[in-house]
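What follows is a short report on a single structure.
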Amino acid sequence: MKRVVVGLSGGVDSSVAAYLLKEQGYEVIGLFMKNWHDDSVTISKECPWLDDSNDAMLVAEKLNIPFQTVDLSAEYKERIVDYMFNEYERGRTPNPDVLCNREIKFDVFMKIALSLGADFVATGHYCRKGEISVDGKPTYQLLSGKDANKDQSYFLCQLSQEQLSKTLFPIGELQKSEVRKIAAEQNLVTAEKKDSQGLCFIGKVRLPEFLQQKLQPKEGTIVEIDASEEKYREEQAAFSNKEEELAYLSRKYTYSPNDGKVVGKHQGAHYFTKGQRKGLAVGGTPEPLFVIETDVEENVIYTGQGKDHPGIYRQALFVAQDEIHWIREDLKLQPNEEMEVDARIRYRQPLQKATLHQTDTGLYIVFQEPQASITEGQFVAWYDGEELLGSGVIS
């Protein structure tokens with residue numbers, strides 16, 4: 001009997017994952033990860049991790065499997081929270097969920113599970129694992145979940161072959177409605193529980209308040225850039241080589257306060273991200289204002305009216321060489337090679353047609369259609385059909 005440690009989060013998905021594994025004849029152990037407990041930034045009267053760990057324990061009792069809680073908050077603070085503050089300070093927007101999977105669930109947590117004699121770790125993610133043979137060696141595939149509306153492969157885009165080899169995704173073939181139905185039939189306490197909307201670790205948290213613990217508020221100006229601004233009408237230059245053209249397509253617009261007019265004040269450029277509309281508190285414009293760029297050095301937020309403002313769109317992006325990650329290492333591109341893929345730059349974005357261009361310095365991704373709010377610090381993931389091949393941090 002193979003032993004599987006399931007990350008029981010106190011939600012319906014991991015509960016059903018544990019039930020299915022038990023049905024399949026595995027020896028199942030439930031483990032709850034306590035990742036964060038700072039009540040000063042969670043919304044009052046709600047202590048999500050306590051409720052969640054209680055629900056996880058009740059599910060384990062119902063399934064008659066051993067259960068324990070592991071406190072990973074020290075590793076969490078070091079690997080996720082400190083990283084987040086650091087990224088926001090640099091004016092980038094990190095994705096804590098992707099990092100949490102790479103650094104905590106499939107690293108720290110997996111090591112604990114293996115120390116308990118586990119053959120596999122399982123989670124309630126909506127994705128699937130495939131196995132093929134490449135040059136006589138087993139190679140693992142990360143495939144999108146069957147429920148297109150819940151597919152979570154993007155959040156696992158940084159996993160390695162090593163991590164995938166020891167992972168099971170028991171609900172990847174199911175629709176969310178089927179998962180809830182199984183939970184109800186088994187009288188699991190989580191059957192009707194709402195999906196958690198919080199960041200992977202803090203539960204129901206107010207992000208600006210969380211960031212304010214470390215990043216002090218600092219008043220600055222909000223500048224509106226007109227859509228007719230000259231820089232959006234630049235004539236495309238002649239390029240002496242392919243890389244020059246790629247660099248041109250992926251370039252960021254740079255702004256100075258003189259390019260537009262001051263329309264308001266803000267409390268810190270590092271609290272804002274590209275594409276953001278809420279929280280600007282500037283009224284009186286015919287169309288809503290969107291953030292098109294933030295300058296954390298000068299503490300200025302640049303905005304444009306309407307979601308079709310040209311400052312929002314870019315045709316290409318760049319991933320630095322040391323931030324490229326291939327799940328399918330056998331498909332890794334060499335300099336001057338290219339590959340047609342489908343890509344997404346955020347969770348739940350429909351896949352977009354794109355071409356990867358590998359150079360000596362990194363990877364350019366050129367989209368067929370210009371993309372809105374390409375944001376530094378976020379992850380771009382590229383697919384071949386249902387299979388996620390690799391990912392990288394947008395630089």
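The values are calculated or read from the model by the stated rules, or taken from the named source; none is laboratory data. Just so we're clear, the structure is a prediction, and the values are computed from it rather than from any experiment. Cβ coordinates were reconstructed from backbone atoms using ideal geometry, including for glycine residues, and neighbour counts include every protein chain displayed.
Note on the range 52-73: among residues that are hydroxyl-bearing (Ser, Thr, Tyr) and over 16 Å from Lys194 (Cα atoms), the one that is modelled with the highest pLDDT is Thr69. Of note, Ile345 does not satisfy the criterion of being outside the structural domain of Gln161 (by TED's automatic domain parsing) and touching a Gly at 6+ places or on another chain (Cβ under 9 Å). Quick check: anything in the range 234-242 at pLDDT 75 or above and surrounded by 15 or more Cβ atoms within 10 Å (Cβ to Cβ)? Checked the range 234-242: no residue is at pLDDT 75 or above and surrounded by 15 or more Cβ atoms within 10 Å (Cβ to Cβ).
Examine the range 174-194 for a residue that is in contact (Cβ under 8 Å) with a residue 60 or more places away in the chain, crowded, with 19+ Cβ neighbours inside 10 Å, hydroxyl-bearing (Ser, Thr, Tyr) and touching a helix residue (DSSP H, G or I) at 6+ places or on another chain (Cβ under 6 Å), and state whether such a residue exists. Within the range 174-194 (the criterion being in contact (Cβ under 8 Å) with a residue 60 or more places away in the chain, crowded, with 19+ Cβ neighbours inside 10 Å, hydroxyl-bearing (Ser, Thr, Tyr) and touching a helix residue (DSSP H, G or I) at 6+ places or on another chain (Cβ under 6 Å)), the answer is yes, since at least one residue qualifies. It is to be established whether one or more residues within the range 275-297 are within 27 Å of Gly392 (Cα to Cα), hydroxyl-bearing (Ser, Thr, Tyr) and in a loop (DSSP other than H, G, I, E, B). No, there is no match, as no residue in the range 275-297 is within 27 Å of Gly392 (Cα to Cα), hydroxyl-bearing (Ser, Thr, Tyr) and in a loop (DSSP other than H, G, I, E, B).
In the range 75-121, how many are free of Cβ contacts under 8 Å to residues at least 24 places away in the same chain and closer than 30 Å to Met1 by Cα? Qualifying residue count, the range 75-121: 2. Figure legend. Inter-residue proximity from the range 56-74: first residues more than 24 Å from Arg180 (Cα to Cα), second residues part of a helix (DSSP H, G or I) and not hydrophobic (A, V, I, L, M, F, W, C), beta-carbon distance below 7 Å, spacing 6+ or different chains. Indicated pairs: Thr69/Ser53.
Scan Lys137, Lys111, Lys146 and give me the residue that is surrounded by fewer than 18 Cβ atoms within 10 Å (Cβ to Cβ), out of contact with any His (no Cβ under 6 Å at 6 or more places or on another chain) and within 19 Å of Val28 (Cα to Cα).
From the options Lys137, Lys111, Lys146, the qualifying one is Lys111.
Across the range 266-273, not a single residue is classified as assigned to a loop (DSSP other than H, G, I, E, B) and aliphatic (A, V, I, L, M).
Might you let me know whether the range 30-51 holds any residue that is buried (at least 17 other Cβ atoms within 10 Å of the Cβ), at pLDDT below 95, over 30 Å from Ile374 (Cβ atoms) and not hydrophobic (A, V, I, L, M, F, W, C)? Yes, because at least one residue in the range 30-51 is buried (at least 17 other Cβ atoms within 10 Å of the Cβ), at pLDDT below 95, over 30 Å from Ile374 (Cβ atoms) and not hydrophobic (A, V, I, L, M, F, W, C).
Residue-wise test of (1) buried (at least 21 other Cβ atoms within 10 Å of the Cβ); (2) within 21 Å of Tyr154 (Cβ to Cβ); (3) among the polar types (S, T, N, Q).
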| position | (1), (2), (3) |
| --- | --- |
| Val282 | no, no, no |
| Glu293 | yes, no, no |
| Lys307 | no, no, no |
| Pro310 | no, no, no |
| Glu323 | no, yes, no |
| Ile327 | yes, yes, no |
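Return yes or no: is Leu164 farther than 30 Å from Lys332 by Cβ, at pLDDT 95 or above, buried (at least 19 other Cβ atoms within 10 Å of the Cβ) and touching a strand residue (DSSP E or B) at 6+ places or on another chain (Cβ under 9 Å)? For Leu164, the condition - farther than 30 Å from Lys332 by Cβ, at pLDDT 95 or above, buried (at least 19 other Cβ atoms within 10 Å of the Cβ) and touching a strand residue (DSSP E or B) at 6+ places or on another chain (Cβ under 9 Å) - is not met. The set of residues in the range 273-296 that are of a type outside the set (Val, Ile, Thr), under 16 Å from Thr221 (Cβ atoms) and touching a residue at least 24 places away in the same chain (Cβ under 8 Å) comprises Gly279, Leu280, Leu289, Glu293, Asp295.
Gly124: modelled with pLDDT of 95 or more, within 25 Å of Ile80 (Cα to Cα) and either buried (at least 17 other Cβ atoms within 10 Å of the Cβ) or within 16 Å of the chain's Cα centre (by Cα) (or both), yes or no? Spelling it out, Gly124 is indeed modelled with pLDDT of 95 or more, within 25 Å of Ile80 (Cα to Cα) and either buried (at least 17 other Cβ atoms within 10 Å of the Cβ) or within 16 Å of the chain's Cα centre (by Cα) (or both).
No other residue among Ser115, Ser165, Ser153 is small (Gly, Ala, Ser) and within 16 Å of His325 (Cα to Cα) apart from Ser153.
Check the range 127-144 and report whether any residue there is within 17 Å of Ser15 (Cβ to Cβ) and not polar (S, T, N, Q). Walk me through it before giving the result.
Just the residues of the range 127-144 that are within 17 Å of Ser15 (Cβ to Cβ), to begin with: none.
No, there is no match, as no residue in the range 127-144 is within 17 Å of Ser15 (Cβ to Cβ) and not polar (S, T, N, Q).
Would you pick out the residues in the range 60-86 that are crowded, with 20+ Cβ neighbours inside 10 Å, over 15 Å from Met33 (Cα atoms) and either basic (Lys, Arg) or under 18 Å from the mean Cα position of the chain (by Cα) (or both)? Result: Val81, Met84.
If we scan the range 372-381, do we find a residue that is closer than 30 Å to Val263 by Cα, touching a residue at least 24 places away in the same chain (Cβ under 8 Å) and assigned to a strand (DSSP E or B)? Checking the range 372-381: at least one residue is closer than 30 Å to Val263 by Cα, touching a residue at least 24 places away in the same chain (Cβ under 8 Å) and assigned to a strand (DSSP E or B). Scanning the range 323-356 for residues that are in a strand (DSSP E or B) and hydroxyl-bearing (Ser, Thr, Tyr) yields a single hit, Thr355.
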